[in-house]
Amino acid sequence: MTIDAKKCPICNKDNRCGNEQNQPSCWCSMESFPDEIFKLISDEKRNKACICKECLERYNQQIRI
């Protein structure tokens, strides 16, 4: 399986990772990711690509309901 570090491991869309775009930092460095969100990622994709902001926001909205 090939893993694209620029694709979100949950939705497979562009994760807009600042680290992959050669920016000094990424939006995700200022965010908090609940441990449970990582359970949505398969073992082979975990820790290999950033979760996108949209998936993080969708997850956070769902757990508040």
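The values are calculated or read from the model by the stated rules, or taken from the named source; none is laboratory data. The structure displayed is predicted, hence computed values, not measured ones. Note that each Cβ is placed from the backbone with ideal geometry, even for glycine, and that neighbours are counted across all protein chains shown.
Among the residues making up the stretch 30-41, those that are surrounded by fewer than 10 Cβ atoms within 10 Å (Cβ to Cβ) and either of a type in the set (S, T, N, Q) or farther than 22 Å from THR2 by Cα (or both) are MET30, SER32, ASP35, GLU36. Only one entry of GLU44, GLU54 meets the criterion of being out of contact with any helix residue (DSSP H, G or I) (no Cβ under 6 Å at 6 or more places or on another chain) and assigned to a loop (DSSP other than H, G, I, E, B), and that entry is GLU44. Filtered by the rule that a residue be out of contact with any Gly (no Cβ under 9 Å at 6 or more places or on another chain), of a type in the set (Ser, Thr, Tyr) and more than 21 Å from GLN61 (Cβ to Cβ), the stretch 4-42 gives a lone residue, SER42.
The residue that is modelled with the highest pLDDT, counting only those in the stretch 20-29 that are surrounded by 14 or more Cβ atoms within 10 Å (Cβ to Cβ) and in a loop (DSSP other than H, G, I, E, B), is CYS26. Given the condition exposed (fewer than 10 other Cβ atoms within 10 Å of the Cβ), assigned to a loop (DSSP other than H, G, I, E, B) and not hydroxyl-bearing (Ser, Thr, Tyr), answer yes or no: does some residue in the stretch 1-15 qualify? Checking the stretch 1-15: at least one residue is exposed (fewer than 10 other Cβ atoms within 10 Å of the Cβ), assigned to a loop (DSSP other than H, G, I, E, B) and not hydroxyl-bearing (Ser, Thr, Tyr). Cβ-Cβ distances below 7 Å connect the following pairs, each with a first residue in the stretch 49-63 that is within 18 Å of ASP4 (Cβ to Cβ), a second residue that is of a type in the set (Asp, Glu), and a separation of six or more residues or different chains: ALA49/ASP4.
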